[in-house]
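Below is one structure, written out as structure tokens; the observations come after it.
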Amino acid sequence: MNSPRNSFARELDRGWWQLLLIAWVGVALWEVYSYWPQIRWLVLRDTDDNMRLMQVRAWLGGQGWYDLRQYRLDPPLGADIHWSRIVDLPIAGLIVALKPLVGGPWAERLACGIAPLLPLSVAMLALGFTARRLVHPLAWLLVPVIVPLATSTMQMFEPMRIDHHGWQLASLAVTIAGLVDPRARRGGVTVGLASAFSLAIGLELMPYVVGAGGILALRWVAARDEHERLRLYGVCLAGACVLGYLGFASYANAAPRCDALTPVWLSLMLCSGALLALAAQLNPRAMLARLALAAVAGAVVAGLLVTLFPQCLGRPEGISDELARDWLNNVREAKPIYTHPLRIALPIAVSALLGLAGAALGAWRARGDDRLVPWLTVLAFSAVAGGLLLWQMRAGPAAQLLAVPGMVALAWFGMGWAQASRFALVRVFGTVAAFLIASGAVSGLVLRYLPFDRPKPIERKVGRAAGSCSSLTALAPLDRLPPQTIFTFVDLGPRLITLTHHRAIAGPYHRNGAAILDVQHAFGGSPARFRAIARAHGATLLLICPNLAESTIYRSRDKGGFYDRLARGERFDFLQQLPLPARSPLRLYRITG
């Protein structure tokens with residue numbers, strides 16, 4: 001007779017994905033509750049989130065599907081934004097659905113709060129599938145508990161984070177699920193579609209896309225019966241990239257640029273998919289022959305890149321040395337993990353190391369069975385993510401996401417060991433300790449209760465300025481003035497056009513490079529140079545936020561420049577200060593003459 005315990009376990013196994021979706025709903029409701037003040041006040045802290053909302057507004061307002069220029073930046077020609085409209089769809093859909101119920105402003109707020117949580121459901125389901133496949137049929141139960149503890153990853157899914165990174169992380173989780181899928185045909189289709197979906201959104205996860213294709217090719221070289229997985233992967237990768245390009249690439253992305261799914265990467269993905277599919281179709285018996293075919297395919301794709309698109313061998317952004325030196329190289333996310341404060345770096349580093357350790361343990365325990373290769377795949381991806389952290393901190397969210405299977409394994413095996421003890425104290429406290437250590441929660445406790453690496457006073461001041469100057473309360477009074485072009489900081493431009501009816505000069509987007517340099521030259525140069533650049537852009541107002549991070553750069557790098565002199569209280573005959581509410585953190589000037 002089956003025990004109630006066994007029956008309950010079977011029910012958990014049978015309905016795992018429905019139960020995991022219920023858990024996601026619980027997480028989503030908590031996130032909305034926690035971020036309700038930000039939803040209420042439309043707090044889109046990141047410049048990309050503001051620009052995403054502006055892109056959705058422009059489309060709903062009649063701008064063409066393939067026209068992704070932002071005409072309220074750098075008018076009259078506008079700023080070329082290299083994104084696609086894929087991520088616009090759920091945001092726009094929610095706005096359209098909610099607008100008749102709550103009105104336009106609240107429809108936007110709620111859409112921005114809900115939309116980022118949608119890819120979280122996909123990521124959790126994919127990670128749950130991976131945990132069931134590699135650890136235990138019930139190991140998915142740990143996924144909805146461990147994922148919310150991955151702070152860097154969760155930042156990409158939190159309400160108001162409407163940029164594209166959440167959907168890319170979801171596609172990465174689906175890619176891992178496809179790589180560990182025991183069903184070859186389904187696994188190949190899954191990896192091909194997920195890779196193409198990620199590329200159609202952006203190229204940030206290109207290393208993982210290339211890695212997935214390389215792993216499938218090597219698996220086929222090692223085991224001839226993997227040919228169906230590789231063949232369907234190649235077909236789906238090529239076909240879905242074509243559909244992604246035709247359906248979502250903007251007019252500007254028809255040029256051979258290197259920073260998006262343009263004809264450059266489309267042709268390379270087509271070639272890669274076709275060659276891998278052809279090699280798998282031929283499927284020679286000899287391993288050396290399969291290795292030769294895979295090597296030829298790789299050499300052909302690399303040769304095409306070198307000979308046809310040499311401009312893409314360097315930085316994909318294609319920016320000038322000056323812009324790289326004075327702007328892009330100084331972006332915080334573009335710096336290695338070891339350059340960041342411990343309070344930021346420690347949780348990510350701990351998760352990455354735990355993921356590596358768990359994947360290594362899983363591979364060791366799986367030696368001799370069919371889970372060894374999938375575990376080695378997870379181990380390889382985790383190692384790549386850890387290596388990328390030593391290059392750029394922006395690899396953090398992906399590194400934490402890829403660490404989840406390994407962390408689940410560590411927690412599951414550790415908790416199982418504790419539960420098998422004959423001592424009650426070990427069963428209770430050992431289980432708790434195993435979860436806290438394996439989930440990375442210990443690093444959060446350390447940072448919370450140990451008094452080190454606290455933010456410096458200048459960091460707190462800069463943080464307060466970023467929040468207050470970009471708030472709806474601070475910027476809304478600007479709408480009392482007629483619409484016009486306002487000269488302001490690069491990082492404040494997207495927020496300004498989101499919350500007011502005014503135009504701005506630049507936003508932090510590499511295709512907007514000339515305008516970015518104009519702003520930097522204007523603030524860092526002489527007053528006469530500022531006046532000339534502002535006139536050239538048709539700017540009639542100057543808006544500054546003292547202590548905003550960007551302003552501190554101008555003061556430290558360009559001492560004696562226009563902004564440094566203005567911040568020290570010097571007056572200029574071509575600037576007339578305009579009144580703002582008494583406690584406004586902003587300063588507004590009319591540019592005359």
Where N is the number of residues in segment 3-131, Cα Rg divided by 2.2 N^0.38 Å: 1.37
Average accessible area per residue (Å²) across segment 96-244 - probe 1.4 Å, nucleic acids and ligands excluded: 32 Å²
Percent carbon-and-sulfur accessible area, the chain, ignoring ligands, DNA and RNA, probe 1.4 Å: 65 percent
Under-5 Å amide H pairs with Phe487, H placed in peptide plane, nonlocal only: Thr540, Leu541, Leu542, Leu543
Area accessible to solvent at Thr473, 1.4 Å probe radius, in Å²: 100 Å²
Full-stretch length increase - Gln484, Ser34 - with 0.36 nm per residue and alpha-carbon distance subtracted: 158.4 nm
Lysines whose Cα lies under 25 Å from that of Lys456, excluding same-chain neighbours fewer than 8 positions away: Lys335, Lys559
Segment Ala324-Asp13, extension gain: residue separation times 0.36 nm, minus the distance between their alpha carbons: 106.8 nm
No Cys partner within the rule (Cβ under 4.7 Å), the chain: Cys112, Cys236, Cys241, Cys271
Gyration tensor over alpha-carbon atoms, segment 57-159, equivalent ellipsoid semi-axes in Å: 35, 17, 12
Tilt relative to the chain, helix 16-34 - C-alpha long axis, 0 to 90 degrees, to 10: 20 degrees
Full-extension gain in nm, Val426 to Arg583, via 0.36 nm per residue minus C-alpha separation: 50.8 nm
Rounded to whole Å, sorted largest first: equivalent-ellipsoid semi-axes of segment 264-318, Cα gyration tensor: 27, 11, 7
Two-decimal log10 I(q)/I(0) for segment 120-216, as the Debye equation yields it once each C-alpha is a single scatterer, q = 0.14, 0.18, 0.24 Å⁻¹: -0.51, -0.84, -1.28
Along principal axes, Cα extents of segment 368-499, largest first, whole Å: 75, 36, 24
Acute angle (nearest 10 degrees) that the helix 513-524 long axis makes with the longest principal axis of the chain, alpha-carbon atoms: 50 degrees
Dipole magnitude of segment 21-91 about its Cα centre (Cβ charges: Lys, Arg +1; Asp, Glu -1), debye to nearest 20: 200 debye
Listed residues Gly213, Val143, Ala260: farthest to the positive end of the dipole of segment 143-262 (Cβ charges): Gly213
Kirkwood Rh in Å, taken over all unlike Cα pairs in the chain: 26.0 Å
Between segment 257-325 and segment 217-243, the Cα center-to-center distance that results, in Å: 15 Å
Debye-sum result for segment 236-339 in log10 I(q)/I(0), which assumes one identical scatterer on each alpha carbon, at q = 0.17 Å⁻¹: -0.91
Segment 409-527 - accessible surface per residue (Å², probe 1.4 Å): 46 Å²
Cα centroid separation, segment 405-431 to segment 76-92 (Å): 48 Å
Estimated FRET transfer efficiency (Asp67, His501; beta-carbon r; R0 30 Å; 0.05): 0.90
Radius of gyration, Dmax [segment 302-376; alpha carbons; angstrom]: 19.9, 55
Angle in degrees between helix 457-469 and the longest Cα principal axis of the chain, rounded to the nearest 10: 80 degrees
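The values are calculated or read from the model by the stated rules, or taken from the named source; none is laboratory data. Everything numeric in this text was worked out from a predicted model, so none of it was measured. Glycine also receives a Cβ, built like all others from the backbone with ideal geometry; neighbour counts cover every protein chain displayed. Ligands, DNA and RNA are excluded from the accessible area calculation, which covers all protein heavy atoms including side chains. Shrake-Rupley method; radii C 1.70, N 1.55, O 1.52, S 1.80 Å.
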